[in-house]
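The values are calculated or read from the model by the stated rules, or taken from the named source; none is laboratory data. Small disclaimer: the values here were computed from a predicted structure and weren't measured. Cβ coordinates were reconstructed from backbone atoms using ideal geometry, including for glycine residues, and neighbour counts include every protein chain displayed. These area figures cover heavy atoms from the full protein model, side chains too; ligands, DNA and RNA do not enter into them. Shrake-Rupley method; radii C 1.70, N 1.55, O 1.52, S 1.80 Å.
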Amino acid sequence: LHMACRQLALWHARPATQHLTLAVNVSAKEFFDDGFVDYVSHTLNETGAPPEKLELELTESQLMQDVDAAIKKMQALKQKGIRLALDDFGTGYSSLGYLRKLRFSTIKVDRSFVQSAATGNVESLAIIRAVVAMADSLEMSTTAEGAETEKEVELIRQLGCRKIQGYFFGRPMPAKDAEDLFRNPHYLAKQSAA
């Protein structure tokens, strides 16, 4: 988290990358630690990273471990301006009740639905459409995970997902290479061909 926030602060200082939001996966052990909210706040202050550009990714299963504690912790993080993403939506408990109580910034559609939809699976197509419609009505964005082919990316766009992540755009990479994605319009074409 500290390294990510340092990088986020660097990107925020540069005009070409200051619009970026950086997502960080959080484990259940970290999230339910009593000092987690203070640690995140301290890290943002120390690094100078803008809280509204940090998005913490939480999974359904980890939230269900202690819903009341999760709600309190998430409210405290949101009060500090930190964005929250519900990762792997649809693969766990999918409780719509906590979506009503908690205002996530983003709902992430699990890659299993993306891959299945790309093969024409009617159920997966319907699930993605429903998640996008629900997120839109709750003023949340959607991110489709695991896009690996042009066909998957095009389908996801047609289904209304505003954000897409996956190996189609690049594998995990150093921060400098990620910056090249925004500086060089031909970088993505080179990476896709490799």
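So here's what we get for this one:
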read-out: Single unsatisfied condition, D68 versus (1) in a helix (DSSP H, G or I); (2) charged (D, E, K, R); (3) at pLDDT 90 or above; value: (3)
read-out: Residue match in the stretch 120-130 (condition: open to solvent by less than 60 Å² (accessible area, probe 1.4 Å) and either under 19 Å from E55 (Cβ atoms) or in contact with a Cys (Cβ under 9 Å, 6 or more places away or on another chain) (or both)); value: yes
read-out: Close pairs (8 angstrom Cβ cut-off, 6 or more residues apart or separate chains): surrounded by 10 or more Cβ atoms within 10 Å (Cβ to Cβ) in the stretch 172-190, part of a helix (DSSP H, G or I) and modelled with pLDDT under 70 anywhere; value: D180/Y187; L181/Y187; L181/L188
read-out: Among the candidates E55, E139, E152, residue that is among the acidic types (D, E), surrounded by 14 or more Cβ atoms within 10 Å (Cβ to Cβ), out of contact with any Asp or Glu (no Cβ under 8 Å at 6 or more places or on another chain) and more than 20 Å from F31 (Cβ to Cβ); value: E152
read-out: Check on L8, assigned to a helix (DSSP H, G or I), closer than 18 Å to T143 by Cβ and open to solvent by less than 30 Å² (accessible area, probe 1.4 Å); value: yes
read-out: Some residue of the stretch 35-47 being surrounded by 13 or more Cβ atoms within 10 Å (Cβ to Cβ), touching a Phe, Trp or Tyr at 6+ places or on another chain (Cβ under 9 Å) and of a type outside the set (S, T, Y); value: no
read-out: Sole exception among (1) part of a helix (DSSP H, G or I); (2) open to solvent by 60 Å² or more (accessible area, probe 1.4 Å) for Q18, by number; value: (1)
read-out: Residues of the stretch 21-34 classified as part of a loop (DSSP other than H, G, I, E, B) and surrounded by 13 or more Cβ atoms within 10 Å (Cβ to Cβ), total; value: 4
read-out: Checking D110 against (1) at pLDDT below 90; (2) within 23 Å of S61 (Cβ to Cβ); (3) exposed (fewer than 15 other Cβ atoms within 10 Å of the Cβ), the condition it does not meet; value: (3)
read-out: Among the residues listed as L84, L1, the single one being among the hydrophobic types (A, V, I, L, M, F, W, C), within 17 Å of the chain's Cα centre (by Cα) and closer than 24 Å to V132 by Cβ; value: L84
